[in-house]
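Right, one structure below, let's go through it.
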Amino acid sequence: MQDAVARHVRDGDVVVIEGFTHLISFAAGHEIIRQRRRDLTLCRLTPDLIYDQMIAAGCAKKLVFSWAGNPGVGSLHAFRRAVEGQTLEIEEYSHFGMVARFSAGAARLPFWTLRDYAGTDLPRVNPRIKAVTCPYTGEELATVPALNPDVTIVHAQRADAQGNTQIWGLLGVQKEAAFASQRVIVVVEELVDERVIRSDPNRTLIPATIVSAVVVEPWGAHPSYAQGYYDRDNEFYIGWDTISRESAGLSHYLDEFVYGVRDRAEYMQKQPRLAERLKAGEQRCAGVNYGF
Amino acid sequence: MMAVVAARELADGEVVFVGIGLPNLACNLARRTHAPNLVLIYESGAVGATPSRLPVSIGDPALVTGSLMVCGMADVFQLFLQNGRIEVGFLGGAQVDRHGNINTTVIGPYARPKVRLPGSGGAAEIAIHAQRILIVSKLSPRSFPERVDFLTSPGQRVAKVITDKGVLERDTASGDLVLAGLYPGVEATDVRAGVGWKLESRAKLNRLEPPTTTELQLLREVLDPQRLYLKS
């Protein structure tokens, strides 16, 4: 992880760590904080706790997002302090708008059209949401500009050494974000043989051809989750509300769990009961016949 | 009561875009009572979800296990929502105004917010594309101002607002929300006290039936035994 971040994440970059509730690479976010990257433009549909931590650590110049809350709990306090104190630049869309930005970026088009935003105040506060007249029907459609990040980081259940990456469960917008990006870092729970990938090719979301680095980091998505590996740590998400309410508490957390550990393995050693509490149960699927 | 009233609004076989909290309880209550064929779609990509525990977030792993389909979010917004496949959408918000417009973005001016809220998420496009919108929100003059501070989700498809005292409906002639139904033991003045504009009433007000023992038992013992969302 140290090498991948040192090599592929640079000061001033447009950085995406995607994953909708599921498979959020906290391990990569923490490494970026440890390496003290600055002036990043952080993009994600839901900034979640990881961007709250990165904003608090001073990594972010700007945030591009569509829903900035603590899911199921309430506010992201570092984000709110930064916005209410006007120390963080923001560019705001809706979820569909962000998805459309990644879709345009992945298809290497300059913008994407969508039927959205009519009657809302969002275009008034974000001049990058524009409109175009359809040349076939004359209908006015909203447009959002392509988002092509410098680097996208995706956590996944498994990949082979080349970076052929398989994901199951909620898929979010990871495929589009990865294809839109200049560089892609894949972080996985398990490294598997290429034969495992080839035995079930429909499950591959990201091919090795677009991957710059593969990092093996078990539990790298905690406190988010990895379907089939470990559950979401809802207790931590609820606890974050108290930890982050004052900047002192948040700094203390970063000192202990981010700056105070070298890597994910040390982070897990500090919390010996975590694995037992969150380990996933068994729910196997029936296989299919790929023969011909 | 809010979860029960919301559940009764759903017809069997409908395709519903579900939010977390009371809407989720309502949909799962409806599925276990009068609407076993309700199709629950979550914006995270789970289609036909049958969560075996109360999902704490919209992306809970229990929404995936045993669902009919899991798709990426580009498919959720383009193939389901924009395609017009969603019949009912649930929304909530910090502010709802007399036209059913919702604010989940900021209190105060956008550039210098008094309170920064989470933002739209999928709410703007749900409000625009779902055929019928149900809002679930507790009454208070702060939450129901005459005009929202910021218009996140337009109100033109809002059919009903389910509150903690009664139900408001859209009056098609004026476009305004009007009082349509009252919960047991509540008077129209109680509802008016929680609304920041002069709330008109339907000529004949509905008296809503209290929850049945089956509904209460399902909510309290099966769906939300820890009372995460049933506090009100």
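The values are calculated or read from the model by the stated rules, or taken from the named source; none is laboratory data. Just so it is clear, the model here is predicted, and its values are computed rather than measured. In this analysis, Cβ positions are derived from the backbone assuming ideal geometry, glycine residues included, and neighbour counts consider all displayed protein chains. To get the accessible areas, we keep the full protein, side chains included, count just its heavy atoms, and leave off ligands, DNA and RNA. Shrake-Rupley method; radii C 1.70, N 1.55, O 1.52, S 1.80 Å.
Identify, from the list A:Q86, A:Q35, the residue that is surrounded by fewer than 22 Cβ atoms within 10 Å (Cβ to Cβ), over 21 Å from A:T152 (Cα atoms) and not acidic (D, E).
A:Q86
Among the helices (runs of 4 or more DSSP H) lying completely within region B:121-232, list those that include at least 2 residues that are of a type in the set (A, V, I, L, M, F, W, C).
B:123-129, B:188-192
Filter region A:132-153 down to the residues that are in contact with a Lys or Arg (Cβ under 9 Å, 6 or more places away or on another chain) and surrounded by 13 or more Cβ atoms within 10 Å (Cβ to Cβ) and list them by number.
Of everything in region A:132-153, those that are in contact with a Lys or Arg (Cβ under 9 Å, 6 or more places away or on another chain) and surrounded by 13 or more Cβ atoms within 10 Å (Cβ to Cβ) turn out to be A:L141, A:A142, A:T143, A:V144, A:P145, A:A146, A:L147, A:N148, A:P149, A:D150, A:V151, A:T152.
Determine if region B:166-181 includes at least one residue that is within 14 Å of chain A (Cβ to nearest Cβ), surrounded by 13 or more Cβ atoms within 10 Å (Cβ to Cβ) and within 17 Å of the chain's Cα centre (by Cα).
no
I'd like the residue in region A:229-267 that is within 14 Å of chain B (Cβ to nearest Cβ) and free of Cβ contacts under 8 Å to residues at least 12 places away in the same chain and, out of all such residues, is least open to solvent (accessible area, probe 1.4 Å).
Only one residue tops the list, namely A:G239.
List the strands (runs of 3 or more DSSP E) inside region A:117-159, counting only whole elements, that have at least 1 residues being over 30 Å from A:L191 (Cα atoms) and either of a type outside the set (F, W, Y) or not assigned by TED's automatic domain parsing to the domain that holds A:V214 (or both).
Filter on region A:117-159 gives A:130-133, A:140-145.
Show me the helices (runs of 4 or more DSSP H) found entirely inside region A:197-292 where at least 3 residues are touching a Phe, Trp or Tyr at 6+ places or on another chain (Cβ under 9 Å).
A:264-269, A:274-278
Here is a yes/no grid of residues against (1) charged (D, E, K, R); (2) under 19 Å from the mean Cα position of the chain (by Cα); (3) within 21 Å of B:S57 (Cβ to Cβ):
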{"residue": "A:I210", "(1), (2), (3)": "no, yes, no"}
{"residue": "A:P218", "(1), (2), (3)": "no, yes, no"}
{"residue": "A:D241", "(1), (2), (3)": "yes, no, yes"}
{"residue": "A:A248", "(1), (2), (3)": "no, no, no"}
{"residue": "A:P272", "(1), (2), (3)": "no, no, no"}
{"residue": "A:F292", "(1), (2), (3)": "no, no, no"}
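Conditions first: (1) of a type in the set (D, E, K, R); (2) under 29 Å from B:I107 (Cα atoms); (3) touching a Pro at 6+ places or on another chain (Cβ under 8 Å). B:R207 passes all but one, so which condition is the exception?
(2)
Any idea how many residues of region B:115-140 are on the phi < 0 side of the Ramachandran plot, out of contact with any helix residue (DSSP H, G or I) (no Cβ under 8 Å at 6 or more places or on another chain) and either at the interface with another protein chain (Cβ under 9 Å from one of its Cβ atoms) or aromatic (F, W, Y) (or both)?
Matching residues across region B:115-140 total 5.
Here are some residues: A:S103, A:S25. Which one is polar (S, T, N, Q), touching a residue at least 12 places away in the same chain (Cβ under 8 Å) and not assigned by TED's automatic domain parsing to the domain that holds A:A213?
After applying the criteria, what remains is A:S103.
Please give the helices (runs of 4 or more DSSP H) falling wholly within region A:32-114 in which 3 or more residues are within 14 Å of chain B (Cβ to nearest Cβ) and closer than 26 Å to A:T242 by Cα.
Counting at least 3 such residues, we get A:48-56, A:77-84.
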